[in-house]
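Trainee: Next up is a structure, given as structure tokens.
The values are calculated or read from the model by the stated rules, or taken from the named source; none is laboratory data. Computed from a prediction, not measured in an experiment: that's the story for all the values here. No Cβ is skipped: glycine too gets one built from the backbone with ideal geometry, and neighbour counts run over all protein chains shown.
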Amino acid sequence: MRISHHFIDDLISRVDIIDIIDSYIPLRKTGKNFAACCPFHQEKTPSFTVNPDKQFYYCFGCQAHGNALTFTMEYAHLDYVEAIHELASRVGVQVVYEQGSAPTSLEQHDELYQLMAEVAHYYQQQLRRTDIAKNYLKNRGLSGEIAKEFGLGYAPEGWNNLSKHLGSSVKIQESLIKVGLLIENDKKQSYDRFRHRIMFPIYDQRGRVIAFGGRVLDDSKPKYLNSPETALFHKSKTLYGWHRIKKYHPDKIIIVEGYLDVIALAQYGIHNVVATLGTAATQEHLAVLFRQVAEVIFCFDGDAAGNKAAERILKNVALPLLKNGRLINFVFLPQNNDPDTLIRQIGREKFDTYLNAPTPLSKFLFDSLLEQVNLNHLDGKARLIELATPLLEQLPPQSSHATLFWNVLANLTGVPQEKLMKKNFPNPKVHTGKSIFSTPPINTLIQKIIKNLLYYPKLSQFVVNPQELANVNLPDINLLVELLELYKGNPQLTLARIYEYWRNTQYSHIIEELNGQKALLTESYVEEHVEKEFVEEIKCLQDYYKTQRIESLHRKAQFGSLSSQEVQELNTLLLSKS
């Protein structure tokens with residue numbers, strides 16, 4: 001199913017973000033904007049701001065941000081398509097689908113959710129009727145109350161229990177296959193995926209069952225079996241237990257590795273715990289959590305596998321997300337202990353001593369690196385720089401974390417921090433004209449220009465021919481040119497519509513990152529200053545291209561001959577730079 005992009009753009013232009021958000025939380029007018037206490041994190045002083053001109057919201061506390069569609073998704077816990085239907089119903093229009101798509105899929109999804117709820121209820125009934133399953137949970141230290149709270153169940157032995165209970169019609173069989181509860185073999189025969197297992201229902205943010213995890217009651221393999229990826233369930237975006245902990249308004253979230261870890265800790269009163277689902281934690285997982293809290297703690301089993309898992313998080317997931325105000329810490333439990341077994345052995349009070357003294361990400365990072373080198377030798381220091389550099393380059397360059405991490409590396413190796421950072425973040429001097437404005441490093445200049453354009457679309461009028469910038473060899477230049485071209489055709493585009501225009505494209509992560517930053521230009525800037533700064537930044541970009549092109553032509557002249565046209569171009573460029 002594909003909804004018309006033109007329809008989505010028109011929908012965003014029709015809805016008023018003030019009306020949408022105010023229907024969920026009360027907004028108070030503050031000058032040109034509206035404000036409220038942020039609904040996505042706990043606070044006493046309002047830092048959640050909604051701008052009616054840009055049709056955009058931003059929280060200066062937790063950095064939550066987006067347009068009316070984003071807010072509807074996040075606050076009402078709707079997926080993308082559901083949120084579009086919700087907004088469309090607000091303005092009284094029918095959702096328009098692209099030719100050949102199926103507008104009935106929402107109804108089909110509703111039927112699948114209902115089916116999953118029926119299956120969950122069936123498994124819960126089976127648990128109450130099966131002594132071996134109840135005794136297993138009792139032996140694991142789980143109470144009946146906690147089993148009920150998490151909706152635990154039991155999938156009995158046998159190959160076709162679900163068909164017997166729900167019916168064997170073609171429609172039901174196809175639906176059970178769609179949600180991964182039945183497996184179809186090569187002969188088109190189907191059978192239950194889960195058999196003789198304790199069942200853990202997996203819920204989405206709205207509390208709907210979207211998948212299951214099953215654990216064997218003996219030593220059979222595999223010990224844990226999860227639902228496959230389906231239309232309802234996406235492992236990289238789902239966290240076990242997430243739907244229930246929001247009501248506790250935690251200020252930090254603990255990530256563990258298993259269902260029983262979450263449940264056991266909850267039974268002992270530790271409710272701010274989630275688990276990944278048969279996969280390592282992803283940046284999507286952390287992005288979800290950081291919209292709610294400022295601190296995430298990974299709690300790993302005290303074994304080699306736990307340490308390897310922590311290293312994977314460090315190298316592949318955590319560092320790019322370490323923006324200002326965010327913390328990522330690690331807790332390593334004693335050898336051969338997991339949260340489930342340890343808390344039952346030592347109790348809540350002693351277990352809290354581990355949670356209250358986590359290992360900061362910075363310490364874990366450098367301790368891991370130092371184990372691999374000998375700083376008593378120059379080769380060891382050089383090796384440390386080689387190992388650390390690709391990791392530190394992942395940090396958001398403007399964050400305080402980046403500055404401090406590079407400072408630690410400088411102290412360990414004796415290489416000045418400026419030299420280490422200059423090596424990885426060059427700052428060519430390309431504009432020598434005097435200015436009352438502070439020109440950023442060239443590698444961040446384009447992002448600043450894009451940011452200014454997103455907030456002040458009318459600045460695009462100062463770039464007559466955007467294609468003149470297309471040859472600048474810098475990251476994100478294509479995004480800048482396309483943005484200028486887009487405004488050229490429609491200078492009235494709001495930030496909200498631009499935000500939606502590039503959702504789920506190659507540029508979406510860049511727009512997301514820039515929109516997630518505090519506005520570089522505040523309302524206190526007078527228009528004259530905004531325009532002067534923008535014009536100077538564009539000139540700086542143009543000068544940078546001239547410098548690039550002159551160097552390229554000089555290199556070509558050294559190793560060959562220039563054409564008459566290139567000689568003329570070089571002379572023109574040198575004249576413009578003089």
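Trainee: Mind listing whichever residues of the range 452-479 are aliphatic (A, V, I, L, M), part of a helix (DSSP H, G or I) and surrounded by 19 or more Cβ atoms within 10 Å (Cβ to Cβ)?
Mentor: Leu453, Leu454, Leu459, Leu469, Leu479
Trainee: Within the range 212-233, is there a residue that is surrounded by fewer than 13 Cβ atoms within 10 Å (Cβ to Cβ) and either small (Gly, Ala, Ser) or touching a helix residue (DSSP H, G or I) at 6+ places or on another chain (Cβ under 6 Å) (or both)?
Mentor: Checked against the condition, which is being surrounded by fewer than 13 Cβ atoms within 10 Å (Cβ to Cβ) and either small (Gly, Ala, Ser) or touching a helix residue (DSSP H, G or I) at 6+ places or on another chain (Cβ under 6 Å) (or both), the range 212-233 yields at least one hit.
Trainee: Report the residue count in the range 60-79 for those that are out of contact with any strand residue (DSSP E or B) (no Cβ under 9 Å at 6 or more places or on another chain) and in a helix (DSSP H, G or I).
Mentor: The qualifying residues number 4.
Trainee: Still on this structure: Got at least one residue in the range 83-99 being part of a strand (DSSP E or B), surrounded by fewer than 21 Cβ atoms within 10 Å (Cβ to Cβ), in contact with a strand residue (DSSP E or B) (Cβ under 7 Å, 6 or more places away or on another chain) and touching a residue at least 12 places away in the same chain (Cβ under 8 Å)?
Mentor: Yes - at least one qualifying residue is present in the range 83-99.
Trainee: Take the residues in the range 421-442 that are within 29 Å of the chain's Cα centre (by Cα) and crowded, with 16+ Cβ neighbours inside 10 Å; name whichever of them is modelled with the lowest pLDDT.
Mentor: Only one residue fits best here, namely Pro440.
Each row is one residue, and each column tells you yes or no for (1) out of contact with any Lys or Arg (no Cβ under 8 Å at 6 or more places or on another chain); (2) touching a residue at least 60 places away in the same chain (Cβ under 8 Å); (3) over 30 Å from His6 (Cα atoms); (4) not assigned by TED's automatic domain parsing to the domain that holds Ile20.
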| site | (1), (2), (3), (4) |
| --- | --- |
| Leu115 | yes, yes, yes, yes |
| Val119 | yes, yes, yes, yes |
| Gln125 | yes, no, yes, yes |
| Arg129 | yes, no, yes, yes |
| Gly153 | yes, no, yes, yes |
| Pro156 | no, no, yes, yes |
| Ile172 | yes, no, yes, yes |
| Val179 | yes, yes, yes, yes |
| Glu184 | yes, no, yes, yes |
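Trainee: Moving on. Assuming Tyr122 fulfils every condition listed in (1) modelled with pLDDT of 95 or more; (2) of a type outside the set (Gly, Ala, Ser); (3) outside any helix (DSSP H, G or I) apart from one, which condition is it?
Mentor: Here Tyr122 clears every test but (3).
Trainee: Can you report the number of residues in the range 137-192 which are more than 37 Å from the chain's Cα centre (by Cα), surrounded by fewer than 17 Cβ atoms within 10 Å (Cβ to Cβ) and outside any loop (DSSP other than H, G, I, E, B)?
Mentor: So the count comes out to 5.
Trainee: Being outside any loop (DSSP other than H, G, I, E, B) and in contact with a helix residue (DSSP H, G or I) (Cβ under 9 Å, 6 or more places away or on another chain) is the filter here, so list the residues in the range 550-576 that pass it.
Mentor: Result: Ile550, Leu553, His554, Lys556, Ala557, Glu566, Val567, Glu569, Leu570, Leu573, Leu574, Ser576.
Trainee: Do we find that Gly306 is in contact (Cβ under 8 Å) with a residue 60 or more places away in the chain, farther than 18 Å from Gln394 by Cβ and among the small types (Gly, Ala, Ser) in this structure?
Mentor: No.
Trainee: Let me ask something else about it. Does Thr389 satisfy the condition of being among the hydroxyl-bearing types (Ser, Thr, Tyr), out of contact with any Asp or Glu (no Cβ under 6 Å at 6 or more places or on another chain) and either outside the structural domain of Val408 (by TED's automatic domain parsing) or part of a loop (DSSP other than H, G, I, E, B) (or both)?
Mentor: no
Trainee: Taking the stated definitions as given, is Phe351 farther than 22 Å from Phe290 by Cβ and part of a helix (DSSP H, G or I)?
Mentor: Yes, satisfied.
Trainee: When the range 201-230 is examined, which residues are found to be within 18 Å of Tyr113 (Cβ to Cβ) and of a type in the set (Ser, Thr, Tyr)?
Mentor: Result: Tyr203, Ser227, Thr230.
Trainee: Now, a different point. Return the pairs, sorted by first residue and then second, in which the second residue is in a loop (DSSP other than H, G, I, E, B), the first residue lies in the range 403-418 and is over 16 Å from Phe364 (Cα atoms), the beta carbons are less than 7 Å apart, and the residues are 6+ apart or on different chains.
Mentor: Cβ pairs passing all conditions: Ala410/Pro416.
Trainee: Taking the condition part of a helix (DSSP H, G or I) and not aromatic (Phe, Trp, Tyr), does Asn316 pass? Talk me through it step by step, then tell me what you get.
Mentor: Numbers: part of a helix (DSSP H, G or I): yes; not aromatic (Phe, Trp, Tyr): yes.
Answer is yes for this residue.
Trainee: Right, here's the next one. So if I check each of Thr30, Thr49, which one is of a type in the set (S, T, N, Q) and over 24 Å from Trp502 (Cβ atoms)?
Mentor: From the options Thr30, Thr49, the qualifying one is Thr30.
Trainee: Kindly evaluate Leu319 against the criterion of being more than 21 Å from Trp242 (Cα to Cα), at pLDDT 85 or above and more than 27 Å from the chain's Cα centre (by Cα). Outline the logic, then answer.
Mentor: Working: more than 21 Å from Trp242 (Cα to Cα): yes; at pLDDT 85 or above: yes; more than 27 Å from the chain's Cα centre (by Cα): no.
No; evaluated as a whole, the condition is false for this residue.
Trainee: Got a sec? Which helices (runs of 4 or more DSSP H) wholly within the range 241-301 have at least 2 residues that are free of Cβ contacts under 8 Å to residues at least 40 places away in the same chain and either touching a Cys at 6+ places or on another chain (Cβ under 7 Å) or not assigned by TED's automatic domain parsing to the domain that holds Asp204 (or both)?
Mentor: Ranges flagged: 283-290.
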